[in-house]
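Novice: I have a structure here, written as structure tokens, and I will follow up with some questions on it.
The values are calculated or read from the model by the stated rules, or taken from the named source; none is laboratory data. Here the structure is a predicted model, which is why all the values come from computation and not from measurement. Quick reminder, even Gly has a Cβ in these numbers, built from the backbone with ideal geometry, and neighbours come from all protein chains shown.
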Amino acid sequence: MSRYHIVGRAGAGSLIAEFLLTEADVEYDISFPDPAEVRAPGFHAANPLGRIPVLICPDGHMIFETLAIVAHITGHFEGLAPAAGTPMFDRYNQYMALLATSVYPAYHRQHHSRYYGDEAAYDSIRSFARKEQAVIFDHFETVLDPYLCGKICTAADFYLYMLSRWDVDKAGMRADRPKLNALLDEIRARPAVASVLAAQPKRRTTA
């Protein structure tokens with residue numbers, strides 16, 4: 001293997017790997033396995049929960065879990081994260097962690113409520129998730145300048161944009177948050193993001 005290969009799902013969490021590799025001008029291949037392939041024992045052997053995305057590196061070793069994939073890409077290609085050892089790098093890491101451990105799970109609770117309770121609890125599960133997200137998005141509105149890491153556009157901004165695509169009430173998410181609006185619109189307009197979204201299989205593309 002001479003270049004990266006992403007095992008992904010159209011319009012889903014593998015977008016962040018596509019965004020970052022494309023932004024860094026790194027060539028890669030991507031495949032979109034069907035659900036049966038993802039459930040196969042061979043896929044689970046090295047990826048116990050069978051989660052996507054998976055990044056297969058040019059030397060053949062495999063990375064799963066989004067934070068690990070992002071850390072690999074930002075560690076190998078410049079311009080996607082602040083310099084290590086600086087206060088801004090700590091800020092970057094805190095927001096990557098917040099996005100991964102709070103914003104992403106809140107979206108998961110809304111779209112896959114069945115994993116978190118009986119049907120009678122779905123509305124409550126989704127309501128609590130949206131309230132938690134509102135607190136975080138309000139915080140982002142206060143710190144964006146214009147990016148999460150001040151004047152530096154980083155992988156965290158791409159990750160926030162990707163997650164925002166899954167919002168069940170995009171108008172509500174954007175309401176009274178002009179800085180967040182500006183960031184999401186700017187990231188969407190970047191050539192790397194536009195080209196990746198244009199190449200997604202039609203069944204999962206959303207604005």
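Novice: From Gly42, Gly50, Gly60, Gly75, which residue is under 13 Å from Ala155 (Cα atoms) and not assigned by TED's automatic domain parsing to the domain that holds Tyr147? Write out each step before concluding.
Specialist: Values: Gly42 fails: under 13 Å from Ala155 (Cα atoms); Gly50 fails: under 13 Å from Ala155 (Cα atoms); Gly60 fails: under 13 Å from Ala155 (Cα atoms).
Just a single option satisfies the conditions, and that option is Gly75.
Novice: Take Leu184 and decide whether it is aliphatic (A, V, I, L, M) and crowded, with 19+ Cβ neighbours inside 10 Å.
Specialist: Judged against the criteria, Leu184 is a match.
Novice: Ok, one more. Restricting attention to the range 90-113, which residues are free of Cβ contacts under 8 Å to residues at least 40 places away in the same chain, surrounded by 16 or more Cβ atoms within 10 Å (Cβ to Cβ) and not small (Gly, Ala, Ser)?
Specialist: Asn93, Leu98, Arg109
Novice: Any chance the range 113-129 includes a residue that's over 18 Å from Gly13 (Cβ atoms) and among the β-branched types (Val, Ile, Thr)?
Specialist: Yes, that holds for at least one residue.
Novice: Which pairs turn up if I take residues in the range 49-64 that are within 12 Å of Gly13 (Cβ to Cβ) and look for partners that are among the aromatic types (Phe, Trp, Tyr) and in a strand (DSSP E or B) with beta carbon separation below 7 Å, at least 6 apart in sequence or on another chain?
Specialist: Listed by first residue and then by second, the contacts come to Arg51/Phe64; Val54/Phe64; Leu55/Tyr4.
Novice: So which residues in the range 18-34 are loosely packed, with under 15 Cβ neighbours inside 10 Å and either acidic (Asp, Glu) or under 18 Å from Pro191 (Cα atoms) (or both), if there are any at all? Write out each step before concluding.
Specialist: We begin by selecting, within the range 18-34, every residue loosely packed, with under 15 Cβ neighbours inside 10 Å; these are 25-27, 29, 31, 34.
Within the range 18-34, Asp25, Val26, Glu27, Asp29, Asp34 meet the criteria.
Novice: Mind checking whether some residue in the range 146-155 is part of a helix (DSSP H, G or I), surrounded by 19 or more Cβ atoms within 10 Å (Cβ to Cβ) and in contact with a strand residue (DSSP E or B) (Cβ under 9 Å, 6 or more places away or on another chain)? Walk me through how you get there before you give the answer.
Specialist: Keep residues of the range 146-155 that are part of a helix (DSSP H, G or I), which gives 155.
This time we only want the ones that are surrounded by 19 or more Cβ atoms within 10 Å (Cβ to Cβ), so: 155.
Checking which are in contact with a strand residue (DSSP E or B) (Cβ under 9 Å, 6 or more places away or on another chain) leaves us with none.
So far as the range 146-155 goes, no, none of its residues is part of a helix (DSSP H, G or I), surrounded by 19 or more Cβ atoms within 10 Å (Cβ to Cβ) and in contact with a strand residue (DSSP E or B) (Cβ under 9 Å, 6 or more places away or on another chain).
Novice: Grab the helices (runs of 4 or more DSSP H) fully contained in the range 35-79, keeping just those with 1 or more residues being surrounded by 15 or more Cβ atoms within 10 Å (Cβ to Cβ) and of a type in the set (Ser, Thr, Tyr). Spell out the reasoning first.
Specialist: Numbers: elements: 35-39, 41-46, 66-76.
The helices (runs of 4 or more DSSP H) meeting that bar are 66-76.
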